[in-house]
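**Q** Sharing a structure here in structure tokens format.
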Amino acid sequence: MLSDKTIILGVTGGIAAYKAAELCRLFVKAGANVRVVMTDSAKQFVTPLTFQTVSGNRVYDDLFTASQLYSVEHVGLAQNADLFVIAPATANCIGKAAAGIADDLLTTTVLAATCPVIFAPAMNTQMYENTITQQNIAKLIEAGYHFAEPEAGELACGDSGRGRMASPAAIFNQACALLGPKNKYQGLHMVVTAGPTQEPLDPVRYFTNHSSGKMGFAIARAAAEQGADVTLVSGPVNLTPPPGVELIRVTTAEEMYRAVMDAYPKADLVIKAAAVADYRPATVHGQKMKKGGEMAIPLVRNPDILAELGKKKENQILVGFAAETENLQENATGKLDRKNLDMIVANDLTMAGAGFKADTNIVRLYFRDGTEKELPLMTKDEVARQILHEATQLLTKQ
């Protein structure tokens, strides 16, 4: 798979450095030529000899050591690489890269790199969620860098939360996707919806749900990386837009309905991952409603975007989502039939690792011909690639 590729594996100083050895092994097993660059801090966790043994190449760990492979080592490494993966990537490393600081071999090589670069963050939850870290990540994404989203779970420090480095398998799969053909979905026009909607009650309050938009953004990102023309219609979310997509921001279900219907005629494939409110308040009050006794709020139905798409479908492939807490198969397949879908992605919100705000998902795919396919626990980026594969297969058959 990677037999003609040269990959730089950057390793920084964190307890997750031991996982980088497994990632190196995966790259080598797939045929890649791996050049490992270590920081001084990384060598406190794993020895250079480990990576030399696994990669079969000398390890680069000093900016001022006499060059051996290239006349200027960091420039030569960067210019001859097909991919640069930094795993683990500490807050310090991410901050330096975002600021353009190049004070060791790893950061100088990053700054000289013209190939795709993947950062795999690994740090304490508070460090990862710190506003400065998130701003640095957003700045790098805007500049075209890629990130392997960290997982949530128990951390080495004893805390629990987001910050655990993505699994070597997940990083490997993302690397393969970046190094694969960039025209896999060339010429494909796709509409993806993401996030929640907000239905206002008064100037202060609104009805909404727990959708984070992560699944829809992952699908849009994966499609754009493979050459698709993507229109992403998103409700209010706190996510950085994927590079190369047309982003249309909306707030209410009615706004999303109009945006999707406008984009639908040119679409080959629609993947509707948004969690749209079924109802909205019948009256939107101009002033803040004051507390009183018991209150009844009349509701009216919002337009059913997916059902309308199903009615208007001609040659498009239409994919929906079903988030359920019971009777998964019955509810999902019923929705598949009622709304004239070609495939539905169903997940049980009661399962650990699935649901709105998680970085992972567990889904089952149901198809119009009665077949189904179960996907195990995966990151949402991995799930996105699987959904795209299945959906485009349907388009090819059609």
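**Q** Do we find that Leu23 is assigned by TED's automatic domain parsing to the domain that holds Glu149, modelled with pLDDT of 95 or more, in a helix (DSSP H, G or I) and crowded, with 24+ Cβ neighbours inside 10 Å in this structure?
**A** Judged against the criteria, Leu23 is a match.
**Q** Looking at the range 214-242, which of the residues that are in contact (Cβ under 8 Å) with a residue 40 or more places away in the chain and among the small types (Gly, Ala, Ser) is surrounded by the fewest Cβ atoms within 10 Å (Cβ to Cβ)?
**A** Restricting to residues being in contact (Cβ under 8 Å) with a residue 40 or more places away in the chain and among the small types (Gly, Ala, Ser), the top hit is Gly227.
**Q** Additional query: Somewhere in the range 95-104, is a residue at pLDDT below 90 and either more than 15 Å from Leu9 (Cα to Cα) or not hydrophobic (A, V, I, L, M, F, W, C) (or both)? If you could, list the steps in order and put the result at the bottom.
**A** In the first step, residues of the range 95-104 are kept if they are at pLDDT below 90; the result is none.
No.
**Q** What's the total number of residues in the range 224-261 that are modelled with pLDDT under 95 and touching a helix residue (DSSP H, G or I) at 6+ places or on another chain (Cβ under 6 Å)?
**A** 5
**Q** Could I ask something else about it? Looking at the range 159-169, is at least one residue closer than 21 Å to Glu390 by Cα, in the same structural domain as Asn33 (by TED's automatic domain parsing) and of a type in the set (A, V, I, L, M)? It would help to see each step written out before you state the result.
**A** First, the residues of the range 159-169 that are closer than 21 Å to Glu390 by Cα: 169.
Now narrow it down to the ones that are in the same structural domain as Asn33 (by TED's automatic domain parsing): 169.
This time we only want the ones that are of a type in the set (A, V, I, L, M), so: 169.
Yes, that holds for at least one residue.
**Q** Between residues in the range 174-188 that are in a loop (DSSP other than H, G, I, E, B) and residues that are of a type in the set (A, V, I, L, M, F, W, C) and surrounded by 11 or more Cβ atoms within 10 Å (Cβ to Cβ), which pairs lie under 8 Å by C-beta distance while being six or more apart or on different chains?
**A** Cβ pairs passing all conditions: Tyr185/Ala223; Tyr185/Ala228; Tyr185/Leu388; Gln186/Ala228; Leu188/Ala223; Leu188/Ala228; Leu188/Leu269; Leu188/Leu395.
**Q** Sticking with this structure for a sec: Just to be sure, is Ala175 crowded, with 20+ Cβ neighbours inside 10 Å and within 20 Å of the chain's Cα centre (by Cα)? Outline the logic, then answer.
**A** Values: crowded, with 20+ Cβ neighbours inside 10 Å: yes; within 20 Å of the chain's Cα centre (by Cα): yes.
Against the criterion (crowded, with 20+ Cβ neighbours inside 10 Å and within 20 Å of the chain's Cα centre (by Cα)), Ala175 qualifies.
**Q** Separate question: Select, from Gly158, Gly153, the only residue that is assigned to a strand (DSSP E or B) and either charged (D, E, K, R) or under 19 Å from Ala17 (Cα atoms) (or both).
**A** From the options Gly158, Gly153, the qualifying one is Gly153.
**Q** While we're on this one: Starting from the range 357-378, keep only residues that are under 17 Å from Leu318 (Cα atoms), then list their pairs with residues that are among the aromatic types (Phe, Trp, Tyr) whose Cβ atoms are within a distance under 7 Å, requiring at least 6 positions of separation or different chains.
**A** If the second residue must be among the aromatic types (Phe, Trp, Tyr), the pairs left are Glu372/Tyr366.
**Q** Of everything in the range 374-389 that's in a strand (DSSP E or B) and not hydroxyl-bearing (Ser, Thr, Tyr), which residue is nearest to Asn173 (Cα to Cα)?
**A** Among those that are in a strand (DSSP E or B) and not hydroxyl-bearing (Ser, Thr, Tyr), it is Met378.
**Q** Okay, next question. Looking at (1) surrounded by fewer than 24 Cβ atoms within 10 Å (Cβ to Cβ); (2) closer than 24 Å to Val345 by Cβ; (3) touching a Gly at 6+ places or on another chain (Cβ under 9 Å), find the lone condition where His189 falls short.
**A** (3) is the only condition that His189 fails.
**Q** Please indicate, with yes or no, whether at least one residue in the range 249-259 is surrounded by 17 or more Cβ atoms within 10 Å (Cβ to Cβ), closer than 30 Å to Pro181 by Cβ and touching a residue at least 60 places away in the same chain (Cβ under 8 Å).
**A** No.
**Q** Does Lys266 satisfy being in contact with a Gly (Cβ under 8 Å, 6 or more places away or on another chain) and closer than 27 Å to Ala222 by Cα? Give the steps one after another, and end with the answer.
**A** Working: in contact with a Gly (Cβ under 8 Å, 6 or more places away or on another chain): no; closer than 27 Å to Ala222 by Cα: yes.
Against the criterion (in contact with a Gly (Cβ under 8 Å, 6 or more places away or on another chain) and closer than 27 Å to Ala222 by Cα), Lys266 does not qualify.
**Q** In addition: Tell me whether the range 59-80 contains one or more residues that are modelled with pLDDT of 95 or more and either aromatic (Phe, Trp, Tyr) or under 25 Å from Asn130 (Cα atoms) (or both). Write out each step before concluding.
**A** Kept after step one, since they are modelled with pLDDT of 95 or more, are these residues of the range 59-80: none.
No, every residue in the range 59-80 fails to be modelled with pLDDT of 95 or more and either aromatic (Phe, Trp, Tyr) or under 25 Å from Asn130 (Cα atoms) (or both).
The values are calculated or read from the model by the stated rules, or taken from the named source; none is laboratory data. Being a predicted model, the structure only gives us computed values, none of them experimental. Neighbour counts run over all protein chains shown; Cβ positions are idealised from the backbone, glycine included.
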